[in-house]
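The structure appears below as structure tokens.
The values are calculated or read from the model by the stated rules, or taken from the named source; none is laboratory data. On a predicted model such as this, the values are computed, not experimentally measured, just so you know. Here the Cβ positions follow ideal geometry from the backbone for every residue, glycine too, while neighbour counts run over all protein chains shown.
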Amino acid sequence: MEITKKEVEELIELEEENTFSKHLKNVINRDFRKKGKISTNEIKYWKQGFWNKTIYPVFTFEFNNENHLINISDQINPIGKILNIIIFLPYSILFLIPIINDFEILKNWRFILIFVVILALSIILIKGVYKFEKQNQLEYIIEFLDLEILDKKRGKEWTLIKILTRIFTYPICIGLIILAISSLFPDGEIKLGLISITIAGAYLFTDLNILLRKKTTGNNV
């Protein structure tokens, strides 16, 4: 069934520009209305998530000359992009300062290893949070527009690469939690221990939520 531009326009409650300032206002005011920007051959659509208020997607609906939907793509909103930088920059500086002041690899091997692992998990976590929010909103879009889309998403969660990634990251997360409880806290590394537990726990929670979803969909039309 062909989906028309008019049908997609009905998703939008309030039309406004897809700019940094508009998304910033959206986040500050916790405005959960469905918003978008309508152009000649495309429509931008976004909605702030209830539990994830910053890392939400902006969907782009593309249309042919007959105003029939031909593609749906997505990207993180401008605030989400800036937030990633704000999170990672101070975090990296916080960890690197002690190493720069007294850079002895053998002496600081545990500190360096934990930093690298937590940084990698943080990147994976943010991607997972974005993916989870995108999937939630995509399911609403599919139901609203009655799109006939093949259910491919669950299969994609169990590709060889993702299985190997989980075989690698799950033990690391559990190891970080055990390390924090058994070593970092007793040694007085409270801040490092809390960061380790927070990042590892958040990653496991987010990824397991994605895997345990009852309903999954794809995003091709």
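Worth pointing out:
- Test: residue in the range 82-90 that is at pLDDT 85 or above, on the phi > 0 side of the Ramachandran plot and surrounded by 13 or more Cβ atoms within 10 Å (Cβ to Cβ): no
- Filter result (modelled with pLDDT of 90 or more and β-branched (Val, Ile, Thr)) within the range 15-27: Thr19
- Residue in the range 164-178 that is within 19 Å of the chain's Cα centre (by Cα), modelled with pLDDT under 80 and not charged (D, E, K, R) present: yes
- Residue within the range 29-40 that is closer than 17 Å to Ile142 by Cβ and either modelled with pLDDT of 85 or more or among the charged types (D, E, K, R) (or both) present: yes
- Checking each residue in the range 9-41 for being among the hydrophobic types (A, V, I, L, M, F, W, C) and touching a helix residue (DSSP H, G or I) at 6+ places or on another chain (Cβ under 7 Å) picks out Leu11, Phe20, Leu24, Val27, Ile38.
- Tally, over the range 29-82, of residues that are closer than 21 Å to Lys131 by Cα, among the hydroxyl-bearing types (Ser, Thr, Tyr) and not in a strand (DSSP E or B): 2
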